[in-house]
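Novice: What follows is a single structure, and I will ask about it in a moment.
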Amino acid sequence: MNPSKVVLSEKDFEELFDLHFENLMGFVCSYVRDEEVAKDIVHDAFLTLWSNRKRLNPTYPVKSYLFTLAQNCALNYLRHLRVVTGNEQAVIELLEAANEDLNDYEKRLVR
């Protein structure tokens with residue numbers, strides 16, 4: 001094993017989770033303004049940390065890594081939300097236009 005690499009144990013991970021979960025929730029919630037979404041994002045950040053535990057740089061503080069992960073996840077969520085909202089607006093406009101066209105067509109049929 002490479003001595004410069006420190007692998008996160010399950011016990012260490014559980015301690016990190018217990019120690020930082022609430023603070024990460026508050027941090028992420030300040031971005032997304034939704035507690036359930038924040039909870040999902042924080043869980044994703046911890047899952048990513050666990051998945052990448054063998055590649056962690058031992059000189060980089062794990063707390064900083066977690067907060068950076070959580071922030072990036074929150075920002076990605078907000079970007080996705082903006083795209084979804086934009087697409088919803090475009091669909092609404094298309095449906096309204098189609099409804100107007102249908103109404104015009106029906107009026108012409110009645111004449």
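The values are calculated or read from the model by the stated rules, or taken from the named source; none is laboratory data. Being a predicted model, the structure only gives us computed values, none of them experimental. Positions of Cβ are backbone-derived with ideal geometry, glycine not excepted, and every protein chain shown enters the neighbour counts. Just so you know, the surface numbers come from the protein's heavy atoms only, side chains and all, with ligands and any DNA or RNA stripped out. Shrake-Rupley method; radii C 1.70, N 1.55, O 1.52, S 1.80 Å.
Novice: If you check residue 47 against the conditions, is it hydrophobic (A, V, I, L, M, F, W, C) and open to solvent by less than 70 Å² (accessible area, probe 1.4 Å)?
Specialist: Numbers: hydrophobic (A, V, I, L, M, F, W, C): yes; open to solvent by less than 70 Å² (accessible area, probe 1.4 Å): no.
For residue 47, the condition - hydrophobic (A, V, I, L, M, F, W, C) and open to solvent by less than 70 Å² (accessible area, probe 1.4 Å) - is not met.
Novice: Here's a follow-up. Might you let me know whether region 83-100 holds any residue that is over 12 Å from the mean Cα position of the chain (by Cα), closer than 29 Å to residue 10 by Cβ, at pLDDT below 90 and of a type in the set (S, T, N, Q)?
Specialist: To start, the set of residues in region 83-100 that are over 12 Å from the mean Cα position of the chain (by Cα) comprises 83-100.
Within this subset, residues satisfying the condition of being closer than 29 Å to residue 10 by Cβ are none.
No - not one qualifying residue is present in region 83-100.
Novice: Of all residues in region 5-16 being part of a helix (DSSP H, G or I) and open to solvent by less than 60 Å² (accessible area, probe 1.4 Å), which is farthest from residue 74 (Cα to Cα)?
Specialist: The first filter runs over region 5-16 and keeps only residues part of a helix (DSSP H, G or I), leaving 10-16.
Those left that are additionally open to solvent by less than 60 Å² (accessible area, probe 1.4 Å): 13, 16.
Details: 13: 21, 16: 20 Å.
Per the criteria, the residue is 13.
Novice: Still on this structure, I have one more. Would you check which residues across region 56-74 are in contact (Cβ under 8 Å) with a residue 12 or more places away in the chain and either buried (at least 18 other Cβ atoms within 10 Å of the Cβ) or within 23 Å of residue 10 (Cα to Cα) (or both) and list them?
Specialist: So the first thing to find is which residues in region 56-74 are in contact (Cβ under 8 Å) with a residue 12 or more places away in the chain, and the list is 56, 58, 62-63, 65-67, 69-71, 73-74.
Listed by number, the residues that qualify are 56, 58, 62, 63, 65, 66, 67, 69, 70, 73, 74.
Novice: I've got another one for you. Would you please list the contacts, defined by Cβ atoms under 6 Å and residues six or more apart or on different chains, that run from a residue in region 1-12 that is under 12 Å from residue 55 (Cβ atoms) to a residue that is assigned to a loop (DSSP other than H, G, I, E, B) and at pLDDT below 85?
Specialist: That search, which allows pairs on different chains as well, returns 6/58.
Novice: Quick check on region 7-26: of everything there that is at pLDDT 95 or above and among the aromatic types (Phe, Trp, Tyr), which residue is farthest from residue 59 (Cα to Cα)?
Specialist: Only one residue fits best here, namely 21.
Novice: Follow-up question, since we're still on this one. Any residue at all in region 65-75 that is among the aromatic types (Phe, Trp, Tyr) and in contact with a helix residue (DSSP H, G or I) (Cβ under 9 Å, 6 or more places away or on another chain)? First the steps, then the outcome.
Specialist: Start the filter on region 65-75 by keeping residues that are among the aromatic types (Phe, Trp, Tyr), which leaves 65, 67.
Of the ones still in play, those that are also in contact with a helix residue (DSSP H, G or I) (Cβ under 9 Å, 6 or more places away or on another chain) are 65, 67.
There is at least one residue in region 65-75 that is among the aromatic types (Phe, Trp, Tyr) and in contact with a helix residue (DSSP H, G or I) (Cβ under 9 Å, 6 or more places away or on another chain).
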